[in-house]
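S.K.: My structure is below; once you've seen it, I'll send some questions.
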Amino acid sequence: MIIRTEFPLKLEEINAMATPSIDPARFLHEHLAAASPDLLRSLLTTFIDTLMSAEADAVCGAEYGTSSPDRVNTRNGYRHRDFDTRAGTLDVAIPKLRQGSYFPDWLLERRKRAEAALTSVVATCYLLGVSTRRMDKLVESLGITRLSKSQVSVMARDLDEHVASFRTRPLDAGPYTFVAADALVLKVREGGRVVNVHALLATGVNADGHREILGLQVTSAEDGAGWLAFFRDLTARGLTGVRLVTSDAHRGLVEAIGATLPGASWQRCRTHYAANLMSATPKASWPWVRTLLHSVYDQPDTTSVHAQYDRLIDTVHTKLPAVATHLEAARDDVLAFTGFPKEIWRQIWSNNPQERLNREIRRRTDVVGIFPDRHALIRLVGAVLAEQHDEWTEGRRYFALDVLARARTTPTPDTTAADRPAMQAAA
């Protein structure tokens, strides 16, 4: 084969055209084939980390550790994820950014654990003969028509380990200034019949301003004993620094908050309270009472909120004395949010953020309908919560750090459960 027609050739060109004694591609292939799995994992990890670092630098507008007028963002450490490959499980270090978030969608799946949990639960239901006619089409649509019991068991065991470690992890990112608690009612087969169980959930805002899933427990009833055990578990795992807990007025929940978090105030969810107040108000009067109640939350500062609440009580006192008594009894708990910075009132005066999380859980659990046992329920709900926890960690801060600092130093009134017997009677 003629490579070049111009003469004379230089010595360097002759050497370049000479056939090498070692083929680099073959040499690398032979050594990699004979290499240990540790070397392969190390090389693959280095390659993936380099690609992610380059992509993070492109998002920031400048290389890591360099000053540039084009820089629009900065690095803020790493978060570690497990990545399963044929060479083994890799510890992938995903770069974190100070503003916004970065996630390698080309490498990892955001909801891999939750979808695997859903597949496992549905397959378990199918194999156990639960609602067979209903499950046939669903299982076929998920592409799991040929799953054996052994395969389901392997899937379940791996997911159970992830969920268990997530539910029992230490809560070491505190102080958790704000906490929200709620419960979901789900159906489970026990003893040959279908029963209702309660999934107790809690979320919090950590010292870095991000939201966290704090805990999940399943109880037979939403009573004081269940909530007390739940909050005792949270405090044993490291829940500290709580200044405000937002929830509905369930008696057992409120008493558990007072018993386990004595220094925390309690914010009665404004949405739940409106429903409670509506039940005590004549149907014809509810529209204008609701309008006045909403006007309380539209005020620009703490003084105006309390003044408007007084006007609301004065307005209904003559025509609706029972409603006035209801409002007066709930004043401290409904207006507990006013003891904190104005910028975060919308996030702490109701359980609406928690309700959005509940809808995401419902979206997954409605597919199953009736769980075959409590382990399957914890597996699916725990996996969904773990994925949501990861998204919150990767996303933007829920509260700014300066607002959190002011919230921790602002004195708030102590409204423990023992101080509100009139509220409990009204609820």
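Just so it is clear, none of the values below were taken in a lab; they were calculated from the coordinates. Given the structure is predicted, the values throughout are model-derived calculations rather than measurements. Don't worry about glycine lacking a Cβ; one is built from the backbone with ideal geometry, like all the others, and counts go over all protein chains shown.
S.K.: Can you tell me which of 314-322, 269-277 comes out highest on packing, and rank the rest after it, using the mean Cβ neighbours within 10 Å?
M.R.: 269-277, 314-322
S.K.: Quick check on the exposure proxy: order Val323, Val367 from fewest to most C-beta atoms within 10 angstrom.
M.R.: Least to most surrounded, the residues fall as Val367, Val323.
S.K.: Rank these for me by crowding, Ile370, Ile348, going from fewest to most other beta carbons within 10 Å.
M.R.: Ile370, Ile348
S.K.: From the square roots a ≥ b ≥ c of the eigenvalues of the alpha-carbon gyration tensor of region 171-408, which class results: rounded (a/c under 1.5), prolate (a/b over b/c), or oblate?
M.R.: Judged from the Cα gyration tensor, region 171-408 comes out oblate (a/c at least 1.5, b/c at or above a/b).
S.K.: For region 253-261, take each phi angle, set θ = phi - 60°, evaluate the Karplus expression 6.51 cos²θ - 1.76 cosθ + 1.60, and give the result in whole Hz per residue in order, putting x for glycine and proline.
M.R.: 5, 5, 5, 5, 4, x, 7, 9, 10
S.K.: Another question, then. Can you give me the distance in nm between label points at Asp70 and Lys96, each placed 7 Å from the Cα along the Cα-to-Cβ direction?
M.R.: Modelled inter-label distance: 2.8 nm.
S.K.: Going by how many other beta carbons lie within 10 Å of each one, how would you line up Glu255, Glu63, fewest first?
M.R.: Starting with the residue having the fewest Cβ neighbours, the order is Glu63, Glu255.
S.K.: Here is a follow-up. Give me the distance between the Cα centres of region 263-309 and region 202-219, rounded to whole Å.
M.R.: 27 Å
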